[in-house]
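**Student:** Here's a structure for you.
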Amino acid sequence: MRTVVMALTIALVASQHVNLVPELAGTQTYVYKYEALLFSGLHQEGLARAGIKIDSKVSIRAVTENTFLLKLLNPQLFEYSGIWPTDAFVATKLSSEVAAQLQIPIKFEYTNGVVGKVFAPSVVPTTIINLHRGILNIFQLNLKKTQNIYEVQEDGVQGICETQYLISEDEGSNHTTITKSRDLTLCNERIIKDVGLTYTEKCTECQKRVKSLSGAATYSYIMKPTPTGVMITEATVQEIHQFTTLYENHDATQMETRQTLAFLEIMASPIIPISAEYLARGALQYEFSIETLWSPIQLMRISNPQAQVVDALNHLATKKLEEVHEDVPLKFIQLIQLMRFASLDAIEGIWSQFKTRPNFRKWILDAVPAVGTLAALKFVKKTFLAGELSFPEFTEVLLATVHMVTANLDTIKMYSGLALSHKVQETPVLRKVAMLGYGTMIARYCSGSLECPVELLKPFHEIVIEATAKADTSEMTLILKVLGNAGHPASIKYITKFLPVFGNQILLFPMRVQVGAVLALKVIAKKEPKLVQNVVLQIFVNKDLHPELRMVSWIVLFETKPNMGLVITLARALQKEPNLQVASLVYSHMKALTRSTHPEFSLIAAASRVAIKILSPKLDKLSFRYSKAFLLDGYEVPLMVGAAGSAFFINDAATILPRAVVTKARAYLAGAAADILEVGVRTDGIQEALLKSPFVHEDRLPRMKQVLKALKTFKALPNKQPLGSIYVKVLGQEIAFANVDKAVLEQAMQLTTGGSIPELAGEALKAMQNGTAFQYAKPLLVAEVRHIFPSVAGVPMEFSLYAAAVAAGNLKVQAIITPPLTETISVSHLMKTDVKLTAEVSPSITLQTFAVMGLNTGFIQAASMAKGKIHTFLPLKVEAKFDITKANFKIKAFPIVLPVHALTARFETLAAAGNIKAVNAERITPIVPETVVLKHSQEAYTSMITPGDLSSETIKTVMSPAEEPELRTSVPVHKTLCSVVPHIGVDVCMEVMSCDATFIKNTTIYNMIGQHGVHINIVRADGPAVEGLELEVQLGPRAAKKLLKEISFADTKTPKVKAVLQKLRKVLEGEKMNKNSSFFSHNKLFYSQSTSSHSFSSSSSVRSSKSHLSKDLSSGQSSQSFKPIQSRFLGDSVPPVVAIIARVVRVDRKLLGYQLTAYLDMPTSRVQIIVVSIAVKNNWKMCADGVLLSKHNVGARIAWGAECQQYAITINAVTGHQGPSPMAYLKVKCEKVPTIITNYAKSVAEYISNAAQMTGLAISNEKNIERQIELIILVPTERTLDIIIKTPTMTLSVLNLVLPIALPFEAIQAYPESDVTNIIQNLYIETSSAKCSKVRNTLTTFNHKKHNYEIPLSCYQVLVQDCTSEHKFIVLIKKDDVFEHEDLNIKVADIDVDIYHQKSAVKVKMNGIEIPTNNISYQHPTGTIRIEQKGQGIALYAPGHGLQEVYYTSDQWMVYVVDWMKGQTCGLCGKADGEIRQEYTTPSGDLTKSSVSFAHSWVLPVESCRDASQCHMKLESEKLEKQVILNGQESKCYSVEPVLRCLPGCVPIRTTPVTIGYHCMSTDTNLNMFDGIYEKSVDLRETTDAHVACRCTEQCA
């Protein structure tokens, strides 16, 4: 029995679930009362909100079984802008048109609780249908028969979103409650329209804890049974959207929607549809219409767009440009909105009316790009093709249009016709801009569309095939950039045609094309990371490819955000990386990532921390001549704002100038990210093109090639095409690029050296002589960002940000030139002219910003708004005089017309509501109302500060007593701070006003809302008027005559000075005085204090870090190096060399200002700078005295105050040696300084610890000498530094800091210290050039690799040569067989130079003719080659040909190649590319592990004993004599590396062991192993003997 009862119960429940579907069928009309409330603002009561309320009766009646009619009865609309919840709604009188449209019945399908299609006549606008969808959305119920708690993906007004159902029954009241909730952040298909967010990316990691934008909706239904089923008796809906840019819980601004639907009655009267065809108008989902055309800032009634545009233009273009009015940016936004409603004919009519009026023309062209409609784009195309736009105008308009026009299939088609038109294509600059813009248009369209047809890129894919066939480098470069901008995944297969992946042959493509192809994958990498990873990984792991290509692929790889496993795998693979450039970039990039604290990089940073432990720490010691990556980022969690900057320096030959630099800045805000700016620069070949000499002797090539013919396996390197390039990306899209080739460089050099610049300067002076006036105004829509989405009620809501700025200015310039300019202007004439320029400028900038949150339709708006406004105006009049002949320069600034409102900044938050019926009666309420604040504040207070009293002391204000508040409230702030600017007769006043909502909650957002303002005014101060500010500079002997105040010091006979001198004599007693200077000078004293000798020692922390310092300075100088600086006033004996006077010119002629004079005493190596106040009774002075005490000791003292006696700082700089290591020591002693400097130094010291960690400095909190800072620099090796900084509170140190260049101490010591010219020249050579040398038997390559080997007798070896096909030079070395001296042969240009040793002297032959070496001084006719005596040897200089210097003496030689030849040389000295792991490169380009085999491969072998070079050796493969069992069988082996052997008929008299590789094969093989033996693989390595000296018999042929 129990079983039967249970079964019946279950059946009953199941039947009830089935009947929960609302019953609407039948012949009756169901009438409901409907109410919808929509609000925006903060949730806190007592603050203002904006919103609307919709009231109406809703009647529903069935037409067929599943089709129903819905009609609104007596719809009413209310608007709200007031304090919530006390203020009341205000009824809005709808226009008759809208009221009639609302009452037209619509049809809809409804089956089993699911709303289907919606039907309405064509006269019903989409906006009205969306309101009906909001009502139908309540009836959307996906009810399951057997479950009461479940989840479904449910369709609704906002899209298909995750929906949770809960069904419960109340047996007591006999009704069922259905509750459902929709998470609007978890939607498969969300109805959203974004404007201006194309270039932003979602930062998922930034929103893991709090999302910047979230939304949810909850529904509650009460279902009661009826005789035919169940009926909805009451339904309530609440939807909330929250938005915050701050990481603070519960403080988000929100938009709320509430709906109620209550059953009223059942009527028998039918619903009669109108007599019109009912068309299918979509389903339940919201449909967008013209929401983007309506600006949320201000509702406008648009009746006649063309006439309204003309009115707006008249308002803007007729404004005076002296100062931009505050309302101009808003008027500019209104102009844009009006033009969006204008048709093409209307825009053309406006253009025809105003195109001949410059002001109007400029405003139209500035507004058209921001209009962004198809009509605006058609207008741009039509006017340009008609020739009505100049090229600069069209370029400016086009650059803006591609980023602002609405991207859809129609606009893309229109833009395609413009970009591919003949007029655009025939102009190179316009073609580049237009083609790049085409890619941008496609990227913008695809970012907002679910489908992105590949047909849009078909024309460019075809161009790829065509450009590839023609090998057109410039075309390939452009198309790759277009595909990179578009970022379509289908372009990958076309981009990879230029890359060495999937078996592609890329021999025809230059390196810059391949690099461009990799960079074109960056945008695609963010969309399809896996596809791009597959491509760039193949490039990066291929060690045979060019290092630059591999490094760029690494950069793109990290755009795909690789996972930890991939990063660690690549780190392990990098352990065997042969190329140090690649290894250095990867290591530095990973190390930079380990320091990242940004959420976006958290996973990659964690992977990098693991990977960095796998890699060798030696990579961290590579200098900055190797490729490096830098990353700096920061993220403020509370504000949800951050920034990241990266820079990649890519090199391939350890040159000073990197091959490429890629920098990028990225910004983060409210969970979104964007690449703000990216700049890439390539300098490939530019340095060479600038410095290389032209080759006028082409007959050198046969001679060079004849020498290289002996190297049968030699492979020349490809020539560098001189091409520099730069590209600029804004918001991830490349907007411009430029190539700099040799022709461009030659044109630039011709411009600078051909006299064009003086001519242009003369023309400019002529124009200014006649008077020039210039007016300019530039409006700009800085930002239009909109996030539009439907509310649950079917009303569109949005978050918007608008920013518009207008900059304007007037410039008037008048020049008076004496003597007047002639028709022909020369540099000598300009140097003799006296020029007086007068300029008046009045720059003004106004910026307005609007942040809007609320609902926006064409007939009503209600939103919470934040408005910001900044206005600046600062006029200036300047007069400048330049008398070049007398070396006198004077600049005078005249006072401006006061008062001047220099800066006005206002920010306020408002709640606004308005409707189209009463556009000018918009209801605006401050979010923090004044009435609430005034209720608790008797009066605002003002704090006045007396002029000139701006100090660090707390500004105290007196508040009047306040009444006992009803709530805790804050008092509005109103302060005025004024300060007199010394001497110039003006007061600067800052007025600050602020009223916020911190009385509710003291958080960031409650501090922001309210009203805030800052005004900065410049007003005239009390006292004599000022005529102007004057700065005069006089150089040379006339400086003394310009002094306004005689410089004198206190008499030494005064008691005070006598006491000082007595103390000084005691301190200086027993110390040796500098004979070149005297402490006393007649009766005047300048230097009154001294510094005592000081010995220093390193701190314990530095000693523990292997410090090289000890207590005494061992520099060849005694403590005398630290003796006091002795001084006298140089003005007594020498005239000033320069005088600078800055003064205020007043009407009462009272002197105010400062005078600087500088003195130089060459015999005593002393310089003095005196600054004095020119006021009559002011004895303030600043005295700076510097002196060279010895060749290794420089001292300086800076004193200031009354007679230079109040404050003083002494500085000592010493150089010397600490043991064998050079060092430098700097000490700064603060004898007495102002308190403000001390306080500032203490505050700065607090940040040093954090800065030290970022820069890798070790820090110790050990106390040091007070008021003293010491800097110690020790040079343990030529390429490393130890740096120690000692402050009073801490010691900072960094050890073994790797330098990008070697410090050339030995080269400097070769010259007398007085020979400054040669020292500087050799410093440049040593630091910029690559050096190869041999001293005794040790050869040091360009890459500092040292090895000993025996040079074969009588055979030439390639020491160093230009390995490109240009063969600019070859340097050969040969050891003679008699005295075994090493001789050099240099082939450069059209000469052969032999430098050799004979009879204890160095000899020189040129083209076989010996030339005397006594005071030799040879210069090639072209001036590009010099030969001269240098020290005990001979030096040849040919920097224009790549040879910086070849130096030869009897016991050593040195070869320097210029910086731009690095990586392009070969021979015994190597490639000079810094790749020590690839040092032993043979002529064939292969690597060998043996230094001997490497050296012998560069021997020039001969074929006959009769060769003129007297060499008797050749290179050949050698058969291994011993038996070898390989893979279980007997094998014969041959060397895959050539071995040096004597010619047939010659016998070796000297050998050297060499270890080489052998290839083996079965002894049964009859193949000729010598065919292609050098390309065979290595099976084993064995040691054999190489011949280095031979003796031949007469039978030798």
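**Student:** Please list, in chain and number order, the residues 5+ apart from Ile1174 or on another chain whose amide H is under 5 Å from its amide H, with Hs placed from the backbone.
**Tutor:** Result for Ile1174 returns Gly1153, Tyr1154, Gln1155.
**Student:** Need the list of lysines near Lys836 for cross-linking: C-alpha distance under 21 angstrom, and skip anything on the same chain fewer than eight residues off.
**Tutor:** Output for Lys836: Lys766, Lys812, Lys877, Lys881, Lys886, Lys890, Lys892, Lys1042.
**Student:** Which of the trypsin sites (Lys or Arg not before Pro) found in segment 1198-1297 are in a DSSP loop and have at most 14 neighbouring Cβ atoms, other than their own, within 10 Å?
**Tutor:** Here the trypsin sites (Lys or Arg not before Pro) that fit, given the DSSP loop and packing criteria, are Lys1263, Arg1267.
**Student:** Distance in nm between label sites at Glu922 and Gln153, each 7 Å beyond Cα in the beta-carbon direction?
**Tutor:** Each label point is offset 7 Å from its Cα along the Cβ direction, giving 4.2 nm.
**Student:** Right, next: Calculated FRET efficiency, Lys778 and Ser1504, Cβ-Cβ r, R0 60 Å, to nearest 0.05?
**Tutor:** Working from the Cβ atoms, E equals 0.15.
**Student:** Provide the gained length on full extension for the span Leu1188 to Phe263, in nm with one decimal, where the gain is 0.36 nm per separating residue minus the Cα-Cα distance. Mind dumping the intermediate values first?
**Tutor:** Numbers: separation 925, 0.36 × 925 = 333.00 nm, distance 10.06 nm.
Additional length available on full extension: 322.9 nm.
**Student:** Oh, and also: Under 17 Å Cα to Cα from Lys193, which aspartates and glutamates show up? Leave out anything in the same chain fewer than 8 places away.
**Tutor:** Glu201, Glu287, Glu291, Glu451, Glu784, Glu798
**Student:** Amide H to amide H under 5 Å from Thr1364: which residues, 5+ apart in sequence or cross-chain, H placed 1.01 Å off N in plane?
**Tutor:** Excluding prolines and chain starts, which carry no amide H, the hits are Leu717.
**Student:** List the GluC sites (Glu not before Pro) in segment 1351-1428 that DSSP assigns to loop (not H, G, I, E or B) and whose Cβ has at most 13 other Cβ atoms within 10 Å. Which are they?
**Tutor:** Glu1380
**Student:** Please list, ordered by chain and number, the residues whose modelled amide H lies under 5 Å from the amide H of Leu1543; skip anything fewer than 5 residues away on the same chain.
**Tutor:** The answer is Met1513, Lys1514.
**Student:** Still on this structure, I have one more. Short version: ³J(HN,Hα) in whole Hz for each residue of segment 397-414, in order, from phi by Karplus 6.51 cos²θ - 1.76 cosθ + 1.60 (θ = phi - 60°), x for Gly and Pro, what are they?
**Tutor:** So the J values, rounded to whole Hz, are 5, 5, 4, 7, 5, 5, 9, 10, 5, 5, 8, 9, 4, 5, 5, 5, 4, 5.
**Student:** Using Cα positions and a limit of under 17 Å, work out the lysines in reach of Lys319, with same-chain residues fewer than 8 apart set aside.
**Tutor:** List returned: Lys331, Lys362, Lys778.
**Student:** Could I ask something else about it? Looking at segment 1490-1597, I'd like the Rg to Rh ratio, where Rg is from alpha-carbon atoms and Rh is Kirkwood's inverse mean 1/r.
**Tutor:** Using Cα coordinates only, the ratio equals 1.01.
**Student:** On to the next question. In units of 2.2 N^0.38 Å, what is the alpha-carbon radius of gyration of segment 511-557?
**Tutor:** Compactness ratio reported: 1.02.
**Student:** Here's a follow-up. Let me know the Rg and Dmax you get for segment 1175-1230 when you use only its Cα atoms, in Å.
**Tutor:** 15.6, 57
**Student:** Based on the alpha-carbon gyration tensor of segment 541-596, what equivalent-ellipsoid semi-axes (square roots of 5 times the eigenvalues) come out, in whole Å, largest first?
**Tutor:** Three semi-axes, in Å: 17, 12, 12.
**Student:** Sticking with this one: Could you please tell me the mean projected area of the C-alpha convex hull for segment 542-665, averaged over all directions and given in square nanometres to one decimal?
**Tutor:** Its Cα hull, projected and averaged over all orientations, spans 7.4 nm².
**Student:** Which GluC sites (Glu not before Pro) does segment 1467-1573 hold that lie in a coil by DSSP with at most 11 other beta carbons within 10 Å?
**Tutor:** Numbers: sites: Glu1475, Glu1479, Glu1503, Glu1516, Glu1518, Glu1521, Glu1530; in loops: Glu1475, Glu1479, Glu1503, Glu1518, Glu1521.
Those satisfying the criteria are Glu1503, Glu1521.
**Student:** Starting at the first residue of segment 1020-1035, write each ³J(HN,Hα) from the Karplus equation 6.51 cos²θ - 1.76 cosθ + 1.60 with θ = phi - 60°, in whole Hz, x for Gly and Pro.
**Tutor:** 6, 8, 6, x, x, 6, 10, 7, x, 10, 10, 10, 10, 10, 10, 9
**Student:** State the percent of C-alpha pairs, over all pairs in segment 864-903, separated by a distance greater than 12 angstrom. Could the numbers behind the result be given before it?
**Tutor:** Values: 556 of 780 pairs.
For segment 864-903, the share of Cα pairs beyond 12 Å comes to 71 percent.
**Student:** Under a no-solvent Debye model with one identical scatterer per Cα of segment 1167-1296, what's log10 I(q)/I(0) at q = 0.14, 0.21 Å⁻¹?
**Tutor:** Reported log10 I(q)/I(0), two decimals: -0.79, -1.24.
**Student:** Let me ask you something else. Over 24 Å between Cα atoms, which of Lys576/Lys1519; Lys591/Lys621; Lys1522/Lys1576; Lys1334/Lys1430; Lys618/Lys1227; Lys497/Lys526 qualify?
**Tutor:** Numbers: Lys576/Lys1519 32 Å; Lys591/Lys621 13 Å; Lys1522/Lys1576 20 Å; Lys1334/Lys1430 17 Å; Lys618/Lys1227 33 Å; Lys497/Lys526 21 Å.
Exceeds cut-off: Lys576/Lys1519; Lys618/Lys1227.
**Student:** Still on this model: Determine ³J(HN,Hα), in whole Hz, for all residues of segment 184-194 in sequence, where each value follows from phi through the Karplus function 6.51 cos²θ - 1.76 cosθ + 1.60 and θ = phi - 60°; x replaces Gly and Pro.
**Tutor:** 7, 9, 10, 10, 6, 9, 9, 7, 9, 10, 10
Since every read-out is calculated from the coordinates, none of them should be taken as a lab result. Quick caveat: nothing in here was measured; it's all calculated off a predicted structure. Because the Cβ atoms are built from the backbone with ideal geometry, glycine has one as well, and the counts that use them run over all protein chains shown.
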